[in-house]
Amino acid sequence: MPQEASNKTDIPKAYDFKDVEPRWYREWNEKGLFRAEIIEGRPKFSMVIPPPNVTGVLHIGHALNNTLQDILVRYKRMDGYDTLWVPGTDHAGIATQNVVERQLASEGLTRDDVGREKFIERVWEWKKKSGGTIIEQLKRLGCSCDWSRERFTMDEGLSRAVREVFVRLYEEGLIYQDDYIINWCPRCHTALADIEVEHEMAQGSIWYMRYPVADEPERFVTVATTRPETMLGDTAVAVNPYDERYADIIGKELILPLVNRKIPVIADSHVDPEFGTGAVKVTPAHDFNDFEIAQRHDLPSVNIFDKNAIVTAEGGPYQGLDRFEARKRVLADLDARGLLEKEEDHSLAAGECYRCKTVVEPRLSKQWFVKIKPLAEPALKAVMEKRTEIVPESWVRTYDEWMTNIRDWCISRQIWWGHRIPAWTCEKCGELIVARNTPEKCPKCGSSALVQESDVLDTWFSSALWPFSTLGWPDETPELEAFYPTSVLITSFDILFFWVARMMMMGLHFREDVPFRYVYLHALVRDAQGKKMSKSTGNVIDPLTIMEKYGTDAVRFTLAAFAAQGRDIKLAEERIQGYRYFVNKIWNAARLVLMHVENSRPDDLVLESPEGCGKVEKWILSRLNSVTATVRNALETFNFDVAAKELYQFFWHEFCDWYLELSKPALSGNGTDHEVRSARAVALHVLDTSLRLLHPFMPFVTEELWHHLPETGGDRGYVMTAPFPREDSRWSSPGAEQEIERVMEVISGIRNVRAELGIHPGARLDVIAIPHSSEVSHILETYLAEISNLARVGSVTTAPGDSKRPGGAASLIFEDLELFIPLKGIVDIKEELAKLKRDEAKVMKELKKSEAKLGNSNFTEKAPAEVVEKERKKLEKAQAKLEKIMKHRKTLEAVEA
RNA sequence: AGGCGCGUAGCUCAGUGGGAGAGCGCUACCUUGACGCGGUAGAAGUCGGCGGUUCAAUCCCGCCCGCGCCUACCA
């Protein structure tokens with residue numbers, strides 16, 4: 001809370017997200033920070049949410065998807081864009097209808113018992129009561145959507161868009177009705193589009209059945225089938241025209257057993273003579289291929305199943321049997337007649353309804369279709385011309401393939417929940433009327449006896465319009481003007497065709513422009529073993545549970561850090577815990593900084609430029625600047641993992657581990673006034689900038705800390721709306737970076753020696769230094785205090801290059817520096833010698849490698865000059881180092897002897 | 001069957017035509033007043049296998065093995 005900012009000393013030791021998260025979310029929302037404004041002249045950034053099913057609850061995939069969107073939109077908002085992120089839900093026709101049907105079933109009712117109108121009322125009631133669950137969960141995730149613009153695909157406005165699109169496509173001849181074979185779900189009682197059917201390989205059987213030849217009692221044609229029950233609807237047997245085995249029988253008739261119908265033997269090149277017996281039974285009403293064969297040969301169709309996949313009167317004695325029961329009976333009866341030749345194992349992929357997993361039944365029926373080619377071609381072209389860019393690019397190929405081989409889209413569904421098709425039939429004259437508004441009477445005969453089409457539209461038909469219907473289309477609204485095309489669509493690759501492709505088609509057709517400039521496709525979240533998460537396997541990670549346990553920021557950061565392009569995310573709970581620790585690290589680093597700046601005058605904490613700063617400060621500022629550039633660039637290219645990891649590495653391992661440690665004395669008031677002020681201002685500046693860089697990833701902890709920062713130069717407002725840091729070459733300082741890296745190298749080196757020799761971490765050491773370059777002398781002099789502090793060194797005595805190496809001492813040898821730590825009685829000369837030999841071997845190996853390279857004329861002639869030069873330097877360094885190691889070894893050997 | 005992707009430290013994964021990296025885990029040590037949700041140091045890999053291109057291959061190409069996913073009308 002801003003008013004509590006003066007209470008900085010009260011910051012608790014550990015970050016308590018439970019208190020912080022709801023508090024800030026409420027405040028952002030109340031202050032209207034999520035709301036999109038349209039301001040002339042400002043750049044625009046917009047996204048539409050992939051609308052979750054209104055029946056849905058937040059799963060880990062949603063968490064990933066929406067975290068990535070939120071990161072991007074928060075970044076752009078901070079960066080000065082007018083941002084709009086449109087949220088909403090999808091009416092999810094079949095899924096929602098199933099939910100309410102289950103509810104009815106528990107009352108012992110079916111949808112037919114209550115009737116269409118009452119049923120739809122029940123669905124709306126359900127939606128009002130439970131439909132908002134996932135929206136509330138998105139808010140807990142921190143999503144900064146513009147909730148004032150929340151939409152639902154069945155809203156009045158969106159429904160109007162659906163009718164408009166349907167009527168226009170119909171008028172353009174792109175929607176038609178036809179008898180066609182479609183995928184039918186016998187449980188949902190509706191047609192399904194091709195892509196709504198899932199195929200899973202499973203072990204089944206293939207049966208060989210004999211069909212007697214009509215006029216030759218002893219002769220049979222054997223057909224192979226995986227679905228023997230459909231033989232009741234056979235209207236032909238097909239063979240390959242070039243199959244000699246059957247040449248003489250083409251055109252003759254067979255007796256269809258059990259049914260005793262005569263069916264012809266026809267020749268069709270679709271038949272593969274190699275497979276089975278080379279003879280195929282043809283059931284046009286219940287098989288896609290057979291349907292096509294039937295069309296080519298003008299065969300009749302016999303529909304043997306009703307909507308429940310129960311055998312109809314056409315099945316004679318089998319009427320009333322379920323399809324699986326019918327199979328058993330048909331096989332038994334064939335066997336009894338000696339017409340079942342054999343049964344073989346056979347693996348096949350039966351289609352299943354993607355909503356309820358019931359095996360679908362191909363079925364001949366009258367359906368509505370969208371003629372897809374005229375829509376698909378521009379949609380493909382737009383991607384090929386990069387008017388919409390798909391990221392990662394590897395998906396373009398898949399998109400291309402699908403869009404090229406696309407088939408007409410079956411859009412009618414025989415359910416009740418959804419957009420009812422705006423078509424009416426005149427009972428008097430049979431006229432078909434397609435209209436935006438319910439017609440009063442038949443335009444042809446004037447009759448008012450009009451009956452509306454009972455089918456509703458595929459849910460994806462309405463979601464295909466989402467990028468413009470949510471912005472007010474078909475009205476020309478300011479939102480549409482400002483925010484279409486949207487900037488980016490972030491979604492999971494598995495709905496590239498269901499949804500993305502269809503939005504491309506509809507957007508281009510009705511808005512004459514692509515619906516989005518970029519499509520970022522992220523991966524699926526799997527469990528730690530790489531298995532798909534599913535309730536039945538019991539390996540789901542519930543985002544709400546882990547948010548409860550580790551905090552939302554930790555969950556978001558984990559998802560971002562693992563969102564590498566083109567690879568599935570294998571998620572284990574330990575990862576989240578690791579990033580929970582990071583949140584805590586940020587919290588405590590902030591505590592440290594705030595503790596030291598709380599009594600400063602605000603003016604003293606302002607940092608305008610790195611001028612006047614010491615090298616350590618210049619170094620961290622330079623690093624911060626380069627991290628800023630990396631993060632920005634990563635976000636612009638959807639490399640969320642790169643951005644997250646860069647921030648993690650910088651904040652923890654550079655800012656905390658080194659900068660704060662190096663400057664602790666100055667921070668706590670040791671040093672000149674200038675040094676103290678400078679250290680504090682820089683620490684605060686880096687903290688401030690880091691919080692802004694981190695905010696898109698971790699909105700809550702950063703906002704909380706932001707309000708603890710001192711108000712240098714007035715109210716800081718919210719980090720959510722603070723400017724996103726921008727790189728600036730003035731802050732870059734390669735010289736300081738190099739120098740501090742040397743200091744770190746020396747400190748780490750001494751620490752290493754201490755650890756290896758088991759010297760107590762608290763013990764102060766006296767060090768003898770023999771520098772071999774002015775550069776390293778300078779480092780030793782300038783950073784004596786830092787080295788002493790962080791490496792626990794008591795004194796450093798510098799000795800000239802030709803002085804005698806101490807005998808009973810541990811050594812640390814660089815190419816231009818030798819350090820000796822005399823420890824009487826502690827250093828075991830044998831141990832030290834062994835260590836030197838290890839070092840020697842290591843350097844020798846590098847040295848030989850370099851020598852070999854440089855000795856190869858092919859290398860020195862063909863490799864780029866800079867690479868060769870680098871290799872020379874490497875060799876020199878190794879030589880210098882080796883020389884010093886040898887010298888020290890001799891000294892020790894002399895002592896020992 | 002075709003297409004795509006993956007195989008790098010015990011685990012999860014980055015990465016690049018010229019010195020093998022991170023996180024977690026592991027080992028040793030540490031009551032250094034921001035943090036033990038911490039610190040310091042360390043061990044650990046024939047970069048799936050075999051060939052090829054190249055002065056140089058973990059990276060590029062080919063083949064093979066293993067795994068995953070998507071698409072397909074072999075009944």
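The values are calculated or read from the model by the stated rules, or taken from the named source; none is laboratory data. Quantities reported herein were computed from a predicted structural model and do not represent experimental measurements. Cβ placement follows ideal geometry from the backbone for every residue including glycine, while neighbour counts extend to all protein chains displayed.
Observations, loosely collected:
- Set A:884, A:877: member being away from RNA strand B (no atom under 14 Å from the Cβ), part of a helix (DSSP H, G or I), modelled with pLDDT of 85 or more and outside the structural domain of residue A:658 (by TED's automatic domain parsing): A:884
- Unique match (being touching a residue at least 40 places away in the same chain (Cβ under 8 Å), over 30 Å from residue A:224 (Cα atoms), away from RNA strand B (no atom under 15 Å from the Cβ) and surrounded by fewer than 20 Cβ atoms within 10 Å (Cβ to Cβ)) among A:371, A:381: A:371
- Every residue from the stretch A:665-680 that is more than 10 Å from RNA strand B (Cβ to nearest atom) and not in a helix (DSSP H, G or I): A:670, A:671, A:672
- Residues satisfying the stated conditions in the stretch A:282-301, i.e. crowded, with 19+ Cβ neighbours inside 10 Å, of a type outside the set (S, T, N, Q) and either part of a loop (DSSP other than H, G, I, E, B) or without any contact (Cβ under 8 Å) to a residue 12 or more places away in the chain (or both): A:284, A:285, A:286, A:287, A:290, A:299
- Boolean, residue A:654 is part of a helix (DSSP H, G or I), among the charged types (D, E, K, R) and touching a residue at least 24 places away in the same chain (Cβ under 8 Å): yes
- Only listed residue being surrounded by fewer than 16 Cβ atoms within 10 Å (Cβ to Cβ) and either aromatic (Phe, Trp, Tyr) or in contact with a Gly (Cβ under 8 Å, 6 or more places away or on another chain) (or both), chosen from A:184, A:124: A:124
- Look at (1) touching a Ser or Thr at 6+ places or on another chain (Cβ under 6 Å); (2) within 10 Å of RNA strand B (Cβ to nearest atom) and you find that residue A:816 fails only one, number (2).
- Filtering the stretch A:538-575 to residues that are outside any loop (DSSP other than H, G, I, E, B), over 17 Å from residue A:14 (Cα atoms), more than 7 Å from RNA strand B (Cβ to nearest atom) and free of Cβ contacts under 8 Å to residues at least 40 places away in the same chain leaves A:545, A:546, A:558, A:573.
- In this structure, residue A:229 does not satisfy being out of contact with any strand residue (DSSP E or B) (no Cβ under 7 Å at 6 or more places or on another chain) and outside the structural domain of residue A:262 (by TED's automatic domain parsing).
- Within the stretch A:642-651, considering residues that are touching a residue at least 60 places away in the same chain (Cβ under 8 Å) and near RNA strand B (Cβ under 8 Å from one of its atoms), the one nearest to residue A:741 (Cα to Cα): A:648
- Complete set of residues in the stretch A:668-692 that are surrounded by fewer than 22 Cβ atoms within 10 Å (Cβ to Cβ) and among the basic types (Lys, Arg): A:677, A:692
- Evaluated against (1) surrounded by fewer than 17 Cβ atoms within 10 Å (Cβ to Cβ); (2) within 13 Å of RNA strand B (Cβ to nearest atom); (3) over 42 Å from the mean Cα position of the chain (by Cα); (4) more than 24 Å from residue A:334 (Cβ to Cβ), residue A:245 falls short on exactly one condition, (4).
- For the residues A:232, A:169, the requirement of being surrounded by 19 or more Cβ atoms within 10 Å (Cβ to Cβ) and away from RNA strand B (no atom under 16 Å from the Cβ) singles out A:169.
- Residue list for the stretch A:48-64, filter: surrounded by fewer than 24 Cβ atoms within 10 Å (Cβ to Cβ) and either free of Cβ contacts under 8 Å to residues at least 60 places away in the same chain or outside any loop (DSSP other than H, G, I, E, B) (or both): A:53, A:60, A:61, A:62
- If you go through the stretch A:747-794 and keep only what is within 16 Å of RNA strand B (Cβ to nearest atom), assigned to a loop (DSSP other than H, G, I, E, B) and within 26 Å of residue A:838 (Cβ to Cβ), you end up with A:758, A:759, A:760, A:761, A:763, A:792.
- Between A:887, A:824, A:845, A:804, the distinction of being in contact with a Lys or Arg (Cβ under 9 Å, 6 or more places away or on another chain) and more than 25 Å from residue A:738 (Cβ to Cβ) belongs to A:887 only.
- Residue A:545 vs. criteria closer than 30 Å to residue A:368 by Cα and at pLDDT 85 or above: no
- For the stretch A:777-790, a residue qualifies if it is surrounded by fewer than 19 Cβ atoms within 10 Å (Cβ to Cβ) and either under 25 Å from residue A:883 (Cα atoms) or free of Cβ contacts under 8 Å to residues at least 60 places away in the same chain (or both), and the qualifying residues are A:777, A:778, A:781, A:784, A:788.
- Restricting the stretch A:579-611 to residues that are among the small types (Gly, Ala, Ser) and surrounded by 16 or more Cβ atoms within 10 Å (Cβ to Cβ), the residue that is nearest to RNA strand B (Cβ to nearest atom) is A:589.
- The selection criterion, being more than 11 Å from RNA strand B (Cβ to nearest atom) and in contact (Cβ under 8 Å) with a residue 24 or more places away in the chain, does not hold for residue A:662.
- Tally, over the stretch A:474-496, of residues that are more than 15 Å from residue A:86 (Cβ to Cβ) and within 16 Å of RNA strand B (Cβ to nearest atom): 5
- Flag if residue A:633 is more than 9 Å from RNA strand B (Cβ to nearest atom) and more than 28 Å from residue A:20 (Cα to Cα): yes
- Of residues in the stretch A:384-410 being at pLDDT below 90 and among the β-branched types (Val, Ile, Thr), the one surrounded by the fewest Cβ atoms within 10 Å (Cβ to Cβ): A:404
- Subset of the stretch A:228-281 (residues that are of a type in the set (Ser, Thr, Tyr) and not in a loop (DSSP other than H, G, I, E, B)): A:230, A:246
- Considered as a group, the residues in the stretch A:840-867 that are near RNA strand B (Cβ under 8 Å from one of its atoms) and among the hydrophobic types (A, V, I, L, M, F, W, C) include one that is nearest to residue A:768 (Cα to Cα), and that residue is A:867.
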